[in-house]
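Below is one structure; the comments refer to it alone.
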Amino acid sequence: WPFFIPCSWVLLCQRCPSSIRRRVASTKFRNTFLESVPVLQWAPHARPEEYQRLQGHGGAYGWQDVAWDSLTLLNTLANGHMFDAHPGTADGNPSCIRCAVVGNGGILNGSRAGAAIDQHHYVFRVNGALTTGFEQDVGNRTSFYVFSTNTMMNSLHSYASAGFHQLPQTPETRYIFLPDHDRDYLLLRAALTHRPVDKGPDNGPLQQMAPFLPSPDGRFLRSSILDTPQWWLYRPSTGAVMLLAALHTCDEVSAYGFITPDYRAYSDHYFDGTHKDVRFYANHDLQLEMKLWQRLWKSRLITLYTRD
Ligand SMILES: *[C@@H]1O[C@H](CO)[C@@H](O)[C@H](O)[C@H]1NC(C)=O
Ligand SMILES: *[C@@H]1O[C@H](CO)[C@@H](O)[C@H](O)[C@H]1NC(C)=O
């Protein structure tokens, strides 16, 4: 990989001695965590041999059915890295980058965690990332909005009544795009060429985005669903992909609004008008995700927001 610098070599790690990358070596995740996986995928990764390799994998895991010309469009340097100068600091990044990763769980309703969330260097949000009217509980900053076409469109549709009418758009907001189907690449192409989507059901409001290379979650969230006839349906939830992307890029990660063992005590989302039970869909494995968040927390690789 052209942009991979091993942690043990350098500077990068001396910058923040307490970084997740350092700490992971002494946890049971040391063999799961691949330092060498590039978290964002952009123009340099669109190489013929890589195209051939990833064409063997469908859905979120590869480039099956994806046109070559869609892949070469991510050609600005900004698509290649997550963190650069941001409003929080005068001179770019601080020594240890602290990230708040905010899921949409009902556990955040009444949490008053908003100020703590906003005090991180970067705030990650996903899908129906409503902040207006919920600032006290979830904060108001969005540094990164994470979505796939499907989850974004579903969120705009399903959460409109709660007030979610547009994607977060602030000067610091950037989009992290989890491409899943050819539909995603059509949207990507339209956004990057500033043209309408030429086929399919979507139109493209997006200006800047960086597709996420999802290989790490294949290692962290290998569900037993993959051993059943429904294997082809399965992928980690978009929230899980977001949290794992942060785990691979931030020095410290605080997770808010992610599923916890007492999930039955809370509504599905913090913005629900009336209580809705958390729903489990066949395409995700939320029980496995819940266990992973507990294990990462016990290994002190993340902090997980709970109500006790
Ligand atoms: C968030 O709230 C703070 C404090 O009220 C305000 O200064 C800031 O402009 C808000 N930011 C956004 C993105 O709304
Ligand atoms: C959110 O919390 C308030 C205060 O505890 C409660 O009255 C309300 O029912 C909760 N909303 C949902 C959707 O559970």
Subject >> the range 170-188: number of residues that are within 16 Å of ligand 1 (Cβ to nearest atom) and farther than 22 Å from Ala240 by Cα >> reply: 3
Original post:
Can you name the number of the only condition in (1) at pLDDT 75 or above; (2) surrounded by fewer than 12 Cβ atoms within 10 Å (Cβ to Cβ); (3) under 20 Å from Thr249 (Cβ atoms); (4) not hydrophobic (A, V, I, L, M, F, W, C) that Glu49 fails?
Top reply: (3)
Original post:
Considering the range 24-58 alone, what residues qualify as being without any contact (Cβ under 8 Å) to a residue 24 or more places away in the chain and over 18 Å from Leu301 (Cα atoms)?
Top reply: Arg47, Pro48, Glu49, Glu50, Tyr51, Gln52, Arg53, Leu54, Gln55, Gly56, His57
**OP:** Please work out which residue is farthest from ligand 2 (Cβ to nearest atom), limiting yourself to the range 134-150 and to residues that are within 16 Å of Thr170 (Cα to Cα) and assigned to a loop (DSSP other than H, G, I, E, B).
**Re:** Ser143
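State which residue is modelled with the lowest pLDDT when the search covers only the range 251-277 and only residues that are among the hydroxyl-bearing types (Ser, Thr, Tyr) and assigned to a loop (DSSP other than H, G, I, E, B).
The selected residue is Thr274.
Suppose we filter the range 278-308 for residues that are part of a loop (DSSP other than H, G, I, E, B), among the acidic types (Asp, Glu) and surrounded by 13 or more Cβ atoms within 10 Å (Cβ to Cβ); how many remain?
Counting residues in the range 278-308 that are part of a loop (DSSP other than H, G, I, E, B), among the acidic types (Asp, Glu) and surrounded by 13 or more Cβ atoms within 10 Å (Cβ to Cβ) gives 1.
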**OP:** Of all residues in the range 228-250, count the ones that are modelled with pLDDT of 75 or more and assigned to a helix (DSSP H, G or I).
**Re:** 10
Subject >> Tally, over the range 108-127, of residues that are within 16 Å of ligand 2 (Cβ to nearest atom) and crowded, with 23+ Cβ neighbours inside 10 Å >> reply: 1
**OP:** For the range 1-8, indicate whether the set of residues that are out of contact with any strand residue (DSSP E or B) (no Cβ under 8 Å at 6 or more places or on another chain) and modelled with pLDDT of 85 or more is non-empty.
**Re:** no
Subject >> Checking Phe147 against (1) within 13 Å of ligand 1 (Cβ to nearest atom); (2) under 19 Å from Gly103 (Cβ atoms), the condition it does not meet >> reply: (1)
Subject >> Candidate set: the range 65-105, residues that are at pLDDT 70 or above and in contact with a His (Cβ under 6 Å, 6 or more places away or on another chain); chosen: the one surrounded by the fewest Cβ atoms within 10 Å (Cβ to Cβ) >> reply: Arg98
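The values are calculated or read from the model by the stated rules, or taken from the named source; none is laboratory data. Given the structure is predicted, the values throughout are model-derived calculations rather than measurements. All Cβ positions, even for glycine, are placed from backbone atoms using ideal geometry, and neighbour counts span all protein chains on display.
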